[in-house]
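**Q** Next up is a structure, given as structure tokens.
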Amino acid sequence: MWTDFTLKPVVMAGILSVSVGSSWTAFAQDGGYYPVFCQGISVESGDNRMFISDGFFYPLAKAPDTSSIQDSEIGKAFAQEVKRVSGKTLLDQSCFTRSSVDDLRNFIASTRSNNGASWKVAEVNWLPKGARSLDTDMADLNKGQGGTPAKAASSLISPISPQEIRAEERAARAALLAAEREAAAQKMAAEREAAAQKLAEERAKEAEELRVQNGRQLAASEAERRKIAADKEAFAVKQKAYEAGQQAYAAAMAKYQAETQAAADARAKWEADVKACEAGEIARCGPKPN
């Protein structure tokens with residue numbers, strides 16, 4: 001099982017502290033059980049966590065040269081346990097040792113406190129295969145292991161060099177940098193995806209607005225076209241009626257003019273006949289025309 005130490009999400013910042021320093025001394029015995037704990041980090045958008053295991057005695061064939069355990073199998077086992085209990089995939093994990101149980105417990109406590117402000121810290125209650133509880137008597141535990149009990153190791157150990165301390169600090173800083181880069185990459189990818197989604201939604205909205213506007217313009221244009229066609233048809237009917245009236249008027253006027261001319265011609269002939277009759281041309285005498 002695992003337990004959260006912090007309830008609010010924490011932004012990644014600062015240095016991933018593993019508390020390497022003067023409390024570590026190198027073992028001189030050749031193998032046996034050593035006090036160990038493991039830690040790892042998972043980086044997800046808005047949920048960056050540090051997982052810290054309980055301390056335990058772990059069997060190593062060779063005494064560790066530095067506080068960092070080089071056994072890759074225990075790191076893999078810790079990552080698998082974190083995945084099992086929390087569903088999180090560790091981006092990086094490391095296991096560390098100290099020369100005594102008290103030193104290890106202090107190391108775990110300082111690692112937790114130094115990183116609580118930058119990470120959501122979770123404790124993993126875990127005992128790897130072959131490990132023993134820190135409450136086990138080391139004198140009994142290391143019998144037959146070819147090693148000296150860790151509680152009595154102070155007379156057989158020598159201080160770690162400053163160069164090794166700095167190397168561990170650089171490794172811790174590199175792990176944090178890699179985690180920060182991964183978080184930044186995930187954040188950037190999420191922002192790009194959100195921006196692309198927003199752009200797609202905006203374009204879809206613009207396309208819908210354009211479709212509606214085009215539909216309205218098309219409807220208005222069609223209504224105007226129909227009105228123009230109706231007006232043209234009405235004008236054509238009126239024009240046809242007007243032209244028919246003009247033609248009728250022209251025909252009536254032509255008839256009137258023809259009749260007027262015929263009457264004028266008849267009167268002129270009568271007047272000529274009258275003059276001829278008066279002149280003695282009896283044949284041209286006759287009644288006045290209507």
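**Q** Picking from Lys205, Lys187, which residue would you name as being in contact with a Ser or Thr (Cβ under 8 Å, 6 or more places away or on another chain) and in a helix (DSSP H, G or I)?
**A** Going through Lys205, Lys187 in turn, the sole match is Lys187.
**Q** Inspect all residues belonging to the stretch 29-47 and state whether any of them is buried (at least 21 other Cβ atoms within 10 Å of the Cβ), closer than 21 Å to Ala174 by Cβ and at pLDDT below 85. Talk me through it step by step, then tell me what you get.
**A** The first filter runs over the stretch 29-47 and keeps only residues buried (at least 21 other Cβ atoms within 10 Å of the Cβ), leaving 32-43.
Among the residues that remain, those that are also closer than 21 Å to Ala174 by Cβ are: 37-43.
Restricting the remaining residues to those that are at pLDDT below 85 gives 43.
Yes, the stretch 29-47 contains a residue that is buried (at least 21 other Cβ atoms within 10 Å of the Cβ), closer than 21 Å to Ala174 by Cβ and at pLDDT below 85.
**Q** Which ones in the stretch 108-124 are out of contact with any strand residue (DSSP E or B) (no Cβ under 7 Å at 6 or more places or on another chain) and touching a residue at least 40 places away in the same chain (Cβ under 8 Å)?
**A** Going residue by residue through the stretch 108-124, those that are out of contact with any strand residue (DSSP E or B) (no Cβ under 7 Å at 6 or more places or on another chain) are 109-110, 113-114, 116-118.
Across the stretch 108-124, the qualifying residues are Ser110, Asn114, Gly116, Ala117, Ser118.
**Q** Here is a further query. When you go through Arg203, Arg267, Arg211, Arg216 one by one, which is the residue that is more than 48 Å from the chain's Cα centre (by Cα) and either within 30 Å of Cys285 (Cβ to Cβ) or not small (Gly, Ala, Ser) (or both)?
**A** Numbers: Arg203 fails: more than 48 Å from the chain's Cα centre (by Cα); Arg211 fails: more than 48 Å from the chain's Cα centre (by Cα); Arg216 fails: more than 48 Å from the chain's Cα centre (by Cα).
The match here is Arg267.
**Q** Another question, then. Within the stretch 168-200, restricting attention to residues that are out of contact with any Leu (no Cβ under 8 Å at 6 or more places or on another chain), in contact (Cβ under 8 Å) with a residue 60 or more places away in the chain and over 15 Å from Ser42 (Cα atoms), which residue is surrounded by the most Cβ atoms within 10 Å (Cβ to Cβ)?
**A** As a first pass, look at the stretch 168-200 and keep what is out of contact with any Leu (no Cβ under 8 Å at 6 or more places or on another chain): 168-171, 174, 177, 180-181, 183-200.
Filter once more, keeping what is in contact (Cβ under 8 Å) with a residue 60 or more places away in the chain: 168-169, 171, 180, 183, 186-187, 190.
Retained after the next criterion (residues that are over 15 Å from Ser42 (Cα atoms)): 168-169, 171, 190.
Working: Glu168: 20, Glu169: 16, Ala171: 17, Ala190: 12.
The residue in question is Glu168.
**Q** Then there is this: Considering each residue of the stretch 48-93, count those that are among the charged types (D, E, K, R) and either within 24 Å of Ala117 (Cα to Cα) or surrounded by 23 or more Cβ atoms within 10 Å (Cβ to Cβ) (or both), and give that number. Give the derivation first.
**A** Step one: filter the stretch 48-93 for residues among the charged types (D, E, K, R), giving 49, 54, 62, 65, 71, 73, 76, 81, 83-84, 88, 92.
Imposing the further condition that a residue be either within 24 Å of Ala117 (Cα to Cα) or surrounded by 23 or more Cβ atoms within 10 Å (Cβ to Cβ) (or both) reduces the set to 49, 54, 83, 88, 92.
Final tally of qualifying residues: 5.
**Q** For the stretch 276-287, give me each residue that is surrounded by 10 or more Cβ atoms within 10 Å (Cβ to Cβ) and modelled with pLDDT under 85. Walk me through how you get there before you give the answer.
**A** Filtering the stretch 276-287 down to residues surrounded by 10 or more Cβ atoms within 10 Å (Cβ to Cβ) leaves 276-278, 281, 284-286.
Scanning the stretch 276-287 gives Arg284, Cys285, Gly286.
**Q** Return the total of residues in the stretch 77-93 being out of contact with any strand residue (DSSP E or B) (no Cβ under 8 Å at 6 or more places or on another chain) and farther than 14 Å from Val36 by Cα.
**A** Going through the stretch 77-93 one residue at a time, the tally reaches 4.
**Q** Could you check the stretch 92-138 and list, in sequence order, the residues that are polar (S, T, N, Q) and under 41 Å from the mean Cα position of the chain (by Cα)? Give the steps one after another, and end with the answer.
**A** Applying the first criterion (polar (S, T, N, Q)) to the stretch 92-138 yields 93-94, 97, 99-100, 106, 110-111, 113-115, 118, 125, 133, 136.
Within the stretch 92-138, Gln93, Ser94, Ser110, Thr111, Ser113, Asn114, Asn115, Ser118, Asn125 qualify.
The values are calculated or read from the model by the stated rules, or taken from the named source; none is laboratory data. Quick caveat: nothing in here was measured; it's all calculated off a predicted structure. With ideal geometry, Cβ positions are generated from the backbone for all residues, glycine too; neighbour counts draw on all protein chains shown.
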